[in-house]
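Just below is one structure, and these are the notes that go with it.
Bear in mind that the values in this text are calculations on the coordinates, not laboratory data. Here the structure is a predicted model, which means the values were calculated and not measured. Here the Cβ positions follow ideal geometry from the backbone for every residue, glycine too, while neighbour counts run over all protein chains shown.
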Ligand code: FES
Ligand code: FES
């Protein structure tokens, strides 16, 4: 028996029907064709599925689709304003802070959430905040630098 | 100054290195696929959907070793929503790809926990999973073995009753788990040990680790009723994938088109074939598109970890630091089928040293674990860990700086390598000198802190490659390559084409084409892409330059020999110099319709001359004596890139390789219980390094040009994972006065070693 859910995704009203056991990640990817969030593990350990729910950073693989009734969801698809990249996106490109890029959507969402909470994080704070986002390719160095650069630019 | 004359298109210049002033190569432009990747638009293996697609799921063996007595799928087939079920009965015997066939769908036996036994395609994942539960499999459980040394014993459970050890003369007549033996070296090691003042001999063990790509294997397949197939998925080599899949499914190669999606990491682990033929077979049987993706649990249990190892190393040296002999015997298990990279392990073990007497023996062993796959410099990190640990100990024993000790014995141009061929041009000494001069080598260390050094080697490969460049009417250029881009190679292809043609980087765009659009290309592996595909792009661009000169000659009505190409323009030369205004690539392209039609260049070859690659790593650690926890304080990667096309992505390869090595050294490990089952098949318990575990990773790019590439390029992808295991072990040894001979050096192991050392005092 499907469950009807009304929610907002990246500022737009969205309605969907899902099964009780479907995760928000399943709904985003399989029902709404928002494939920016990735499934790296489905157990909350890799961060590739990162989204925000009412502004709070969350693993969409650990949230049920049915739980987001009336909430506001932010996904990587909503981070750029039209064709204008968010500073974190631009700095990831400038710093070559991606190799394969499969972790990148999660990194973008998580880093943006950090900088909204804490505009001037230390390297250590960035590293601990990002500890839930696995990247196997880069060794994190360039990702951390990209976040530092984005933070500096956003502070102006 | 880069310039060439209007040569005949077949003469594209030489493969030999030629010094030049680069304009685009060596800069760090943004990658062409970057925006798609930061916005979530890039489509990876699991991001493709076809109308009406079914979901495919695999039933896997819960047992590490068992006879497959019977499989009854009737109840699963009867379940509403189930459209196809496949088992071993759907795949014909296949001699050419026998092991892959047995691995993708078990035949008479299951050989490891997670071995595929059947697969289902259904209208939803829930129905597919329900159907798997309705398949009745009768197993006849057999004893199992997962440890390499155990598997080599005469009374070990035998996996394959037709496995007779290769490389032993005469070949044994009884079956064993020892797939092969190999030996490399020269000189007389016994005589060499006679000359030694000090000899150190030790045994080492390393655990199996997983490549750990964040994207699980995924694909979508469709097969039409007249037997044409299309396959989309994440792979390091879609041409090889096509050939193997077509063969296993019983299709002509020309009837299967494979498109490589964006790939979310591979490191060797996606040079493989797992789901794809099964997906095609389900699509064929059901008549509908089928999508399959592994769960993370399946990735760990059924896709390629690297080998675990058990090794003996013995090295002797004189008091003044000359190595007189080196001996290594390495035993690698690579899972249930042939292929453990013991040969590479034996070949790489002593490659950093010029030795008069050296011998390395490799044993390739099978066990009840998943079929191993290549992992970044396959086989090298383990044997180099063992050798570099003993080298470090020898340097300490004679009170010599470890870099000086290595410099004294380092392989140089003209030396005979420990694995046979003579080295032609190599940058090992340059990396050692750069390490010695690096500020990180001088920083004072505090209590419980230590410093480690290690060097490492990888061959680098070339291989079958082809590439096409098309000049568009507006003067932009499209590159088609056949090697999946796993770490930014499309950017470097564009740079090399722009360099040759003399046009800006942003006027060139590279794509990875499907298998119907180019000839066969070997897989993205062996650090070969920037070297091989890059050189194909360079030669295709040179062919275009020849044609552009011909077109300009036609437009000017002068002989083609009187046209030269300089900085993106055709220029009249010789007797005609100054007679005409130069023609840009865009102008010639615009007029192409009147001078003979489209302009394209192509190059196909079997690339040879990939330059060998060496690196040296420096690492400072702090060992907590209370907990055994190792903290990486500073890490520096120094590696010879030949010529860095895009230095940022070269640094990225160095950093990524080093951090995978850090994981291997400190945390990562396939843990098996006595029941032969993997106990940590998830990211929580198989812990990859996370951002908070690490410092920044410093890099130094050394450039000793590869004589076999016009720009001097060497592959850079793999060497970076070779030194870290030893460098960290050496650093830990320095910090805690311990010689750790087993990896990973997890806190409990270190703590145990600390306690043992205390008890011994
Ligand atoms: S997929 Fe959600 S954390 Fe990995
Ligand atoms: S760039 Fe590949 S996992 Fe991060």
Considering only chain A, what is the antiparallel percent among its DSSP beta bridges, to the nearest 5?
90
I'd like to know how the range B:412-453 sits against the 2.2 N^0.38 Å rule of thumb: what's its Cα Rg over that expected value?
1.70
At 4 °C and a viscosity of 1.567 mPa s, what translational diffusion coefficient does Stokes-Einstein give for the range B:316-394, taking Rh as the Kirkwood radius over Cα pairs? Give it in µm²/s as a whole number.
98
Mean separation of Cα contacts under 8 Å (at least 6 apart) over the residue count of chain A, i.e. the relative contact order in percent, is 24
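Considering only DSSP beta bridges with both partners in the protein assembly as shown, what is the antiparallel share in %, to the nearest 5?
Expressed as a percentage, antiparallel bridges in the protein assembly as shown total about 80.
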Over the range A:87-155, volume per residue of the alpha carbon convex hull, in Å³
69
Arrange the peptides B:485-496, B:576-587, B:282-293 so that the one whose residues have, on average, the most other Cβ atoms within 10 Å appears first.
B:485-496, B:282-293, B:576-587
Only counting other Cβ atoms within 10 Å, I'd like B:279, A:100 sorted with the fewest neighbours first.
A:100, B:279
Across all directions of projection, what mean area in square nanometres is found for the Cα convex hull of the range B:501-543?
3.8
Below 8 Å, C-alpha to C-alpha, sequence gap of six or more: please give me the relative contact order for chain B in percent.
17
The range B:505-613, Kirkwood Rh and Cα Rg, ratio Rg/Rh at 1.06
P(r) for the range A:3-78, please, calculated from all Cα pair distances in 5 Å bins and given in %.
4, 18, 32, 30, 14, 3
Yeah, the range B:44-91 with a ≥ b ≥ c from its alpha-carbon gyration tensor (a/c under 1.5 is rounded, else prolate when a/b outruns b/c, oblate otherwise) is oblate
How many angstrom lie between the Cα centre of the range A:99-150 and the Cα centre of the range B:633-705?
17
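Tell me, rounded to the nearest percent, the portion of alpha carbon pairs in the range B:14-149 spaced more than 22 Å apart. Please list the in-between numbers first.
Details: 5392 of 9180 pairs.
Summing the P(r) tail past 22 Å for the range B:14-149 gives 59 percent.
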I want to verify the translational diffusion coefficient of the range B:662-761 in µm²/s; compute it with Stokes-Einstein, Rh as the Kirkwood radius over Cα pairs, at 20 °C and 1.002 mPa s.
129
For the range B:220-267 and the range B:364-434, what is the separation of their C-alpha centers, rounded to whole Å?
38
Taking N as the residue count of the range B:147-288, its alpha carbon Rg divided by 2.2 N^0.38 Å gives 1.57
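Work out the mean other chain Cβ neighbour count within 10 Å for the residues of B:480-491 and drop it here as an integer.
Partner-chain Cβ atoms within 10 Å, mean over residues of B:480-491: 2.
Shape of chain B from its Cα gyration tensor (a ≥ b ≥ c, root eigenvalues): rounded if a/c is under 1.5, otherwise prolate when a/b > b/c, or oblate?
Oblate is the answer for chain B, as a/c is 1.5 or above yet b/c matches or exceeds a/b.
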May I ask you to give the average projected area over all directions of the convex hull of the Cα atoms of the range B:644-711, in nm² rounded to one decimal?
7.3
In degrees between 0 and 90, to the nearest 10, how far off the longest principal axis of chain A does helix A:141-155 point, with axes built from Cα atoms?
90
Principal axis dimensions, largest first and in whole angstrom, of the range B:536-675 by Cα:
83, 39, 27
Shape call for the range B:466-514, from the Cα gyration tensor axes a ≥ b ≥ c (a/c under 1.5 means rounded, otherwise prolate when a/b beats b/c, else oblate), comes out oblate
Starting from the Kirkwood radius over alpha-carbon pairs of the protein assembly as shown, derive D by Stokes-Einstein at 37 °C in a medium of 0.692 mPa s and give it in µm² s⁻¹.
114
May I ask for the distance between the Cα centers of the range B:47-121 and the range B:585-619, given as a whole number of Å?
43
Hey, what did the range A:87-155 get for relative contact order, percent, Cα under 8 Å, at least 6 apart?
54
